[in-house]
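Single-structure report; data block below.
The values are calculated or read from the model by the stated rules, or taken from the named source; none is laboratory data. As the structure is a computational prediction, the values presented were derived from the model and not from experiment. Counting neighbours? That spans all protein chains shown, and the Cβs are built from the backbone with ideal geometry, glycine included.
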Amino acid sequence: SRLPVPARLDQLWDDIREELRRATPDFKFHIWLEPLELAGLDGRTLYVADSAVRTIWAYDYAPEGPLSRQRVFVQTEGFGSGPDGATVDAQGFLWTVLTRIGKITRFAPDGRLDRMVELPATHPTSLCFGGPQFEVAYVTSISRSTHLAGLLPQDGGLFALSGTPAAGMPAHRFAD
């Protein structure tokens, strides 16, 4: 069966952001919460980057159960930007983009800021690790969106950063 196609792309985006659903291998869907970006490493913690409230939330996660024990992992208001995009490296540190200030950050598992890296982009948007050993951090950026516009010729580009303190991890597979 086909999914209904919304009349406007804005409507599609609003529908996507309404909720997080967990899909099980038997194709059952369970509503969890309303996030923007997700990351996790240990299989027991799920991180949600919530740009609107400038907070990264942490939840306890179990494959067969509901999310539980919501808690603040990091608040980014003090940096002047909400978090956007999130990934975890092999050392368990969480990386996120601070879109409004053109930087990426790395937070220790206890939420302490480990480092902040300025990017050659006005508004970075998300990041992930790639390369043969997941040794390269790839960062996307905005050229123009509903609310933001890049000021530099390279805005809207994809940036590759090497030399991070740790490599990334391969993505989790849904089901084999």
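On the basis of being surrounded by fewer than 22 Cβ atoms within 10 Å (Cβ to Cβ) and modelled with pLDDT of 90 or more, does ARG69 make the cut?
Working: surrounded by fewer than 22 Cβ atoms within 10 Å (Cβ to Cβ): yes; modelled with pLDDT of 90 or more: no.
In short, no.
Identify the residue in the stretch 110-125 that is surrounded by fewer than 19 Cβ atoms within 10 Å (Cβ to Cβ) and not charged (D, E, K, R) and, among all such residues, is nearest to the chain's Cα centre (by Cα).
By that ranking, first place goes to THR125.
Go through (1) more than 20 Å from ARG54 (Cβ to Cβ); (2) at pLDDT 90 or above; (3) touching a Gly at 6+ places or on another chain (Cβ under 9 Å) and name the single condition THR164 misses.
Result: THR164 fails condition (3) only.
Restricting attention to the stretch 79-104, report how many residues are under 15 Å from VAL48 (Cα atoms) and assigned to a strand (DSSP E or B).
Residues that pass the stated criteria total 11.
Of the residues that make up the stretch 32-50, is at least one in contact with a Ser or Thr (Cβ under 8 Å, 6 or more places away or on another chain), assigned to a strand (DSSP E or B) and either more than 25 Å from GLY163 (Cα to Cα) or at pLDDT 80 or above (or both)?
yes
Within the stretch 84-99, take every residue that is among the polar types (S, T, N, Q) and within 24 Å of LEU152 (Cα to Cα) and give me the one that is modelled with the lowest pLDDT.
THR99
Kindly list, by first and then second residue, each pair from a residue in the stretch 68-92 that is closer than 19 Å to GLY102 by Cβ to a residue that is of a type in the set (Phe, Trp, Tyr), limited to pairs with Cβ atoms under 6 Å and residues at least 6 apart or on different chains.
That search, which allows pairs on different chains as well, returns VAL74/PHE107; ALA86/TYR47; THR87/TRP95.
Please state which one of GLY102, GLY156 is at pLDDT below 90 and either at positive phi or polar (S, T, N, Q) (or both). Walk me through how you get there before you give the answer.
On the way: GLY102 fails: at pLDDT below 90.
From the options GLY102, GLY156, the qualifying one is GLY156.
Looking only at residues that are surrounded by 13 or more Cβ atoms within 10 Å (Cβ to Cβ) and hydroxyl-bearing (Ser, Thr, Tyr) in the stretch 126-153, which one is modelled with the lowest pLDDT?
SER143
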